[in-house]
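Read the figures in this text as sums done on the coordinates, not as results from a lab. This one's a predicted model, so the numbers in the text were calculated from it and none came from an experiment. Here the Cβ positions follow ideal geometry from the backbone for every residue, glycine too, while neighbour counts run over all protein chains shown.
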Amino acid sequence: MPWLTVYENVELAVQQVFRKTMAKQERKDWINHNLELVNMAHAANKRPGEISGGMAQRVGIARALAMKPSVLLMDEPFGALDALTRAHLQDSLMEIQQELNNTVIMITHDVDEAVLLSDRIIMMTNGPAATVGEDLRIELPRPRNRVTLADDPTYVHYRQEVLKFLYEKQRKLENIKTRKTRNAEQEENADKKESTTQAAGA
């Protein structure tokens with residue numbers, strides 16, 4: 001909410017979920033704890049218009065985490081950020097997930113982000129009728145360091161597997177789908193032609 005401070009925006013979520021189960025001081029401590037998790041405690045009294053886009057993203061993550069979700073769904077959460085802010089928030093997310101041990105489901109189009117953050121990557125086919133194309137398990141130890149992993153053969157292998165699906169297997173799947181659609185249309189046209197001929201003969 002643009003008229004609320006950073007603290008009050010997180011407080012709003014906490015009040016909704018824990019108003020009856022947490023004491024006032026306990027709720028206050030929990031709000032501050034989640035702001036500290038995303039390194040935003042220093043800006044608790046600022047309003048959204050006084051902070052950067054990256055900081056606003058962190059507040060959104062803090063608000064979501066403050067509700068103690070067992071599953072957290074994130075749809076391109078870092079897509080609009082600059083590279084440095086994006087990297088910092090990716091690192092923060094890994095630290096938070098490790099501390100809370102919850103499940104995070106993230107939608108992303110960034111290959112490096114997917115391999116760095118995930119234990120499992122579900123790759124989808126293209127189009128409105130998309131289906132699961134491939135399921136890749138990422139067996140890299142945690143905590144993960146992006147600088148160290150850059151030259152790690154296993155990391156490079158996983159990255160290549162994702163790229164291979166995107167640029168090779170994906171095209172094969174699309175070609176197969178196109179051929180099936182074309183064959184189905186040809187069969188349908190043949191059936192219509194046959195029906196028309198029979199009707200004319202009758």
Of the GluC sites (Glu not before Pro) in region 112-157, which ones lie in a loop per DSSP and count no more than 10 other C-beta atoms within 10 Å?
Glu139
Once you list every other residue whose beta carbon is under 14 Å from the beta carbon of Phe78, what net charge do they have if Lys and Arg are +1 and Asp and Glu are -1?
-4
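Which loop-located trypsin sites (Lys or Arg not before Pro) does region 1-92 contain, where loop means any DSSP state but H, G, I, E or B and the Cβ has at most 10 other Cβ atoms within 10 Å? Mind dumping the intermediate values first?
Numbers: sites: Arg19, Lys20, Lys24, Arg27, Lys28, Lys46, Arg58, Arg63, Arg86; in loops: Arg19, Lys20, Lys46.
Within region 1-92, the qualifying trypsin sites (Lys or Arg not before Pro) (loop, at most 10 other Cβ atoms within 10 Å) are Arg19, Lys20.
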Ascending count of other beta-carbon atoms within 10 Å, so fewest first, for Asp91, Asp135, Asp29:
Asp135, Asp29, Asp91
Spin-label point model (7 Å from Cα, Cβ direction): what's the Gln160 to Asp91 distance in nm?
2.8
Based on the Cβ-Cβ distance of Asp82 and Asp29, what FRET efficiency does E = 1/(1 + (r/R0)^6) give at R0 = 25 Å, to the nearest 0.05?
0.15
With θ taken as phi - 60° and the coefficients 6.51, -1.76 and 1.60, list the Karplus ³J(HN,Hα) couplings across region 85-90 in order, rounded to whole Hz; mark glycine and proline as x.
4, 4, 4, 4, 6, 4
Considering only C-alpha atoms, what is the centroid distance from region 68-95 to region 98-166, in Å?
14
Interchain or long-range residues, amide H under 5 Å from Met74's placed H:
Ile105, Met106, Ile107
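Could you list Tyr167, Tyr158 so that the one with the fewest beta carbons within 10 Å of its beta carbon is first and the one with the most is last?
Values: Tyr167 9, Tyr158 23.
The most exposed by this proxy come first: Tyr167, Tyr158.
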